[in-house]
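Below is one structure, written out as structure tokens; the observations come after it.
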Amino acid sequence: MNPHDLIAAARAAAVHAHAPYSRFAVGAAVLLNDGSVVTGANVENASYGLSLCAETVAIATASAQGRLRDVVAIGVVGGVMDGAGDMPVRPCGRCRQVLNEAAQLGGRDLPVYCAGLTGEAMEEHRLSELLPHAFGPADLGIAAG
Ligand code: THU
């Protein structure tokens with residue numbers, strides 16, 4: 001699957017964001033090693049601090065399918081609902097750490113594609129660039145694979 005298709009899947013997921021408080025919708029699409037895609041959107045809560053990010057929801061869903069080690073790439077999109085949404089959104093710090101769990105377990109430096117809810121602009125990063133010198137499973141003696 002090419003990055004643009006992954007971004008399209010993330011945009012489709014962002015439609016289901018539950019974000020009545022921030023009005024900022026985020027969608028994430030995780031590509032697995034068999035070509036399948038798992039998606040997530042942010043889930044806010046009336047107790048604001050309990051809100052879940054889209055990337056975390058997508059990674060948790062992949063994990064619940066027994067596929068945490070199989071993640072090969074992720075696409076992230078976001079923007080203000082009903083607003084101009086062309087600016088690429090990059091994963092927050094906590095999500096970078098969550099993504100790192102899948103990356104290290106799978107032994108991959110994940111490509112992270114970032115875009116807005118709309119528009120052509122897309123960035124490609126590596127997780128090692130977004131989260132250098134990461135702490136992860138290997139530090140606790142958990143091997144990749
Ligand atoms: N959000 C995400 O879903 N992922 C990120 O990486 C950044 C922030 C969500 C959380 C909250 O629902 C909204 O965006 C505004 O912060």
Please find, within region 85-102, the residue that is farthest from the ligand (Cβ to nearest atom) out of those that are out of contact with any Asp or Glu (no Cβ under 7 Å at 6 or more places or on another chain) and aliphatic (A, V, I, L, M). Ala102
Given the conditions (1) under 23 Å from Val15 (Cβ atoms); (2) assigned to a loop (DSSP other than H, G, I, E, B); (3) away from the ligand (no atom under 14 Å from the Cβ), and given that Ala73 satisfies all but one, which numbered condition is not satisfied? (2)
Residue, nearest to the chain's Cα centre (by Cα), within region 33-64, restricted to residues that are within 12 Å of the ligand (Cβ to nearest atom) and part of a loop (DSSP other than H, G, I, E, B): Cys53
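Which of the following residues is acidic (Asp, Glu) and under 14 Å from Leu99 (Cβ atoms): Glu55, Glu44? Before the answer, list the steps.
On the way: Glu44 fails: under 14 Å from Leu99 (Cβ atoms).
Sole residue among the options that is acidic (Asp, Glu) and under 14 Å from Leu99 (Cβ atoms): Glu55.
Out of Ala46, Ala134, Ala64, Ala138, which single residue is at pLDDT below 95 and surrounded by fewer than 21 Cβ atoms within 10 Å (Cβ to Cβ)?
Among Ala46, Ala134, Ala64, Ala138, only Ala138 is at pLDDT below 95 and surrounded by fewer than 21 Cβ atoms within 10 Å (Cβ to Cβ).
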Within region 8-32, the residues that are under 10 Å from the mean Cα position of the chain (by Cα), under 19 Å from Asp86 (Cα atoms) and aliphatic (A, V, I, L, M) are Ala10, Val26, Ala28, Ala29
Test result for Ala17, small (Gly, Ala, Ser), touching a residue at least 60 places away in the same chain (Cβ under 8 Å), more than 24 Å from Leu131 (Cα to Cα) and crowded, with 20+ Cβ neighbours inside 10 Å: yes
Identify, from the list Asp109, Asp86, the residue that is touching a strand residue (DSSP E or B) at 6+ places or on another chain (Cβ under 8 Å), of a type outside the set (Val, Ile, Thr), in a loop (DSSP other than H, G, I, E, B) and at pLDDT 95 or above. Asp109
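How many residues, within region 103-119, are within 14 Å of the ligand (Cβ to nearest atom) and of a type in the set (A, V, I, L, M, F, W, C)?
Adding up the residues that qualify gives 4.
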Under 6 Å between Cβ atoms, which residue pairs at least 6 apart in sequence (or on different chains) link something in region 46-59 that is touching a residue at least 12 places away in the same chain (Cβ under 8 Å) and under 18 Å from His16 (Cβ atoms) with a partner that is within 7 Å of the ligand (Cβ to nearest atom) and polar (S, T, N, Q)? Cys53/Asn42; Ala54/Asn42
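The values are calculated or read from the model by the stated rules, or taken from the named source; none is laboratory data. Given the structure is predicted, the values throughout are model-derived calculations rather than measurements. Neighbour counts are summed over all protein chains in view; Cβ atoms, including those assigned to glycine, are modelled from backbone coordinates with ideal geometry.
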